[in-house]
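K.L.:
Just passing along the structure, written as structure tokens.
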Amino acid sequence: MRRVARARLAAAGLVSAALVSAARADVAVQVFLLPSDGGFPHDVAVDADGIAWHTAQRSGQLGRLDPATGKVELVPLGRGSSPHGVIIGPDGAPWVTDSGTNVRQILGRPGEVWVPESGADRLVVYRTK
């Protein structure tokens, strides 16, 4: 429980720093629950189409969340996989670092900060209005 509280505190600090330029902007918070086998999300990156990709570290999967529908898909990355980081590459595809197969960001479009809450199996997005 302490780990989740610390993660939320760190996330709140990052959100505050990211939104400081929007001094009096309203902020909307939306929480997306992941399946119970969400795999302990670690990192999240948002592509140009607004799809939020996250690494499901404990289950060896790459998660794909469509915020418009709330639909979550989990893509298995193979035996022994333990994905850690995800970014959107220059080709627009998610690129994953994976310590399990030897192969931490908070990214988003302007006005957005995405935060993975590993202990709660969910992703949270903060948006300026």
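What follows is calculated from the coordinates using simple rules that are stated; it is not laboratory data. It should be emphasised that the depicted structure is a prediction, and the values quoted were computed from it without experimental measurement. Heads up, the Cβs are rebuilt from the backbone with ideal geometry, glycines too, and the neighbour counts pull from every protein chain shown.
K.L.:
How large is ³J(HN,Hα), in whole Hz, for each residue of the stretch 86-99 in order, when computed from phi with the Karplus curve 6.51 cos²θ - 1.76 cosθ + 1.60 and θ = phi - 60°, using x for Gly and Pro?
P.N.:
Those phi angles translate into 9, 9, 9, x, x, 8, x, 9, x, 10, 10, 9, 9, 6 Hz.
K.L.:
Apply 1/(1 + (r/R0)^6) to the Cβ-Cβ distance of Val31 and Ser99, taking R0 = 25 Å, and write down the FRET efficiency to the nearest 0.05.
P.N.:
After rounding, the FRET efficiency stands at 0.35.
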